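A short worksheet on the structure shown next.
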C-alpha cells in the first residue's frame, strides 16, 4: 500500500539553560530553533489530500507559539525536565498529535543549530 509523508518546517526563538550540564550549556543562552513535523498516512481524502498543509501549519504554530521568545525552563512543559532539544521534540510531537486529531504524526525533528538536530518518533 502506498504511504504519503507530508512535512512542514516552522521556527521559534527561545532561551534556555540545561540544569546539571557540566559545560557552557548550563548558562543561559538562546537558539533560533527550526522544527520539522512529518505526518504520514495511506489514505487520501476525496480531494486527493492526506492533510491540508494550512491545517498542519496552523496546528504546529499553535504548539510553537507559546515557546517563541520565552525562557523555556519557565514554561510548564519544562518545569520538571530540562528544555533539551530531545524534550522539545517529544513535547512538539505529543502536542501536535493532540492538536490534529485523526492525523498521525510520524516524527518531529528539532534543530538548535543548522548542524545539530534531534528526531523524536514513537513506535
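FYI, it's all coordinate maths here, none of it is from the lab. Remember, predicted model here, so these are calculated numbers, not experimental data. Please note: Cβ atoms are built from the backbone with ideal geometry, for glycine as well, and neighbour counts cover all protein chains shown.
At-a-glance table
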| item | result |
| --- | --- |
| Point-to-point label distance, residue 24-residue 80, nm (Cα→Cβ direction, 7 Å offset) | 3.3 nm |
| The chain: most fluctuating residue of 46, 59, 11 per GNM, C-alpha cutoff 10 Å | 46 |
| Distance (nanometres) between label positions extended 7 Å along Cα→Cβ at residue 42 and residue 57 | 3.1 nm |
| Once the Cα gyration tensor of segment 4-58 is diagonalised, semi-axes √(5λ) in Å | 37, 12, 6 |
| MRE, 222 nm, helices only [DSSP H, n ≥ 4, -39500 (n - 2.57), over the chain, to nearest 500] | -7000 deg cm²/dmol |
| For the chain, diffusion coefficient by Stokes-Einstein and Kirkwood Rh (Cα), 4 °C, 1.567 mPa s, µm²/s | 86 µm²/s |
| Length-normalised contact order for segment 57-123 - Cα pairs under 8 Å, 6+ apart - percent | 29 percent |
| Acute angle (nearest 10 degrees) that the helix 85-99 long axis makes with the longest principal axis of the chain, alpha-carbon atoms | 40 degrees |
| Rg/Rh (Cα only; Kirkwood hydrodynamic radius) as it applies to segment 70-118 | 1.01 |
| Helix axis angle, 53-64 relative to the chain longest principal axis, alpha carbon, degrees | 20 degrees |
| Two-site FRET efficiency, residue 68 against residue 1, from Cβ-Cβ distance with R₀ of 41 Å, rounded to 0.05 | 0.60 |
